[in-house]
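Data block below; observations after.
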Amino acid sequence: MIHSQVITSVVNVIKELIENLLDANATAVDIKLENYGFDKIEVRDNGDGIKAACIVDNRVTRVAWLNRSSILYAGNDKWCLDPRVELIANTKTHYAIRINDVDVYDEGPYTCSVQTDNHPKTSRVHLIVQVPPKIVEISSDISINEGGNVSLTCIATGRPDPTITWRHISPKATGFLSEDEYLEITGITREQSGEYECSASNDVATPVVRRVKVTVNYPPYISDTKNTGVPIGQKGILQCEASAVPSAEFQWYKDDKRLIEGQKGLKVENKAFISRLTFFNVSEQDYGNYTCVAYNQLGNTNASIILYEISEPTSSTLFQAETTAAQTPWKGPGAVHDGNSGGSRRAACTWLLPFLLLQLLFKF
């Protein structure tokens, strides 16, 4: 019977406190919020706790803390089931609670209600939980043909709402491409391929960044060819470079006849964006016009490269060069030399030494 009376008494007290909160004539009491402010608490959602203290006087007969319409504590009695909420002070002048590990769901109004001489008094503080930015949705990597349209999306959450920016990770990029969740690129070019970075920031924590890779496909473009001169019997190389996405395949032709790897005296080597056609022992029949063809699934292109004959240095040409050099005076700064002197001849012989070594290499 006594237990039932106690419960009834407590319930009546709680009801009276709630009614007092709704009383339009209620007056305010002072609330001191340690380390925060007097009408607003701002805390980050990173495991921090908050402490709210209600400063009263010794005339107070009843006191309670509420969150919205839910009672947290009434006197020493805990009415909420949340283990993070605890009563840390209940004296004649000090009534304080603490909420540990605050998260975004704790945001909202907190009210201290007291009863003094049958006159209810209340005061309210608003808890604002700041949440670091988090990117919750972003476009997947994309592959698109040149000239197509691209739409990238980056969705982020946080409190306050984060600012979204897009930028192109490129040495030639300048500034932000967009300050919105969406980035639209119309008629994309190969120069616009690469990584695009989404950044979400709200000054609560360091910005969060994620990247999307955009691959722009385009047909081959042959960028570098050079006609090559080689003496008969020597090694010759024709080279063809082509940029393309996906990478280009190569074929070589002469007089509409395809040249195949393994043909006598030939080697075709394709590596990345370069193709080389090697002649190990150039003959008279090898000279002429060659066609390099580069292709992928988007298209093809070709270029002509000429292999032409050049004369191999002979003994007579070397002798003529030696004689000319021996008769040509040195014209270095401040130099005075006799073209017939032994010193000039020695200089000429020294100068011709590389030519003689080259002649020996040709013979072997």
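No value in this document is a laboratory result; all are computed from the given coordinates. Note that the structure is predicted; figures quoted are calculated from it, not measured. Heads up, the Cβs are rebuilt from the backbone with ideal geometry, glycines too, and the neighbour counts pull from every protein chain shown.
The phi-based Karplus calculation (6.51 cos²θ - 1.76 cosθ + 1.60; θ = phi - 60°) puts the 3J(HN,Hα) values of the range 56-64 at 10, 10, 6, 7, 5, 9, 9, 8, 7 Hz, whole numbers, x for Gly and Pro. Among the listed pairs K226/K264; K172/K226; K235/K264; K51/K134; K40/K92; K226/K254, those whose Cα-Cα separation exceeds 22 Å are K226/K264; K172/K226; K51/K134; K40/K92. For the range 297-309, putting each phi into the Karplus relation 6.51 cos²θ - 1.76 cosθ + 1.60 with θ = phi - 60° gives couplings of 5, 9, x, 8, 8, 8, 8, 9, 10, 9, 9, 10, 8 Hz, in residue order, rounded to whole numbers and with x for Gly and Pro. Scanning residues 5 or more positions from W79 or on other chains, those with amide H under 5 Å from its amide H are Y73, A74, with H placed 1.01 Å from N in the peptide plane. Proximity of backbone amide H atoms, modeled 1.01 Å from N, is registered between Y290 and I305, I306, L307 at under 5 Å, excluding neighbours fewer than 5 places apart on the same chain.
Taking amide H positions as modeled 1.01 Å from N, with prolines and chain starts lacking one, the residues under 5 Å from D45 and 5 or more places away or on another chain are Q130, V131. A simple rule links phi to the HN-Hα coupling: the Karplus curve 6.51 cos²θ - 1.76 cosθ + 1.60 with θ = phi - 60°, which for the range 264-280 gives 4, x, 10, 9, 10, 10, 10, 9, 6, 9, 10, 10, 10, 10, 10, 10, 7 Hz, with x for Gly and Pro. Cβ-Cβ distance of D117 and S70, R₀ of 25 Å, FRET efficiency by 1/(1 + (r/R0)^6): the value works out to about 0.40.
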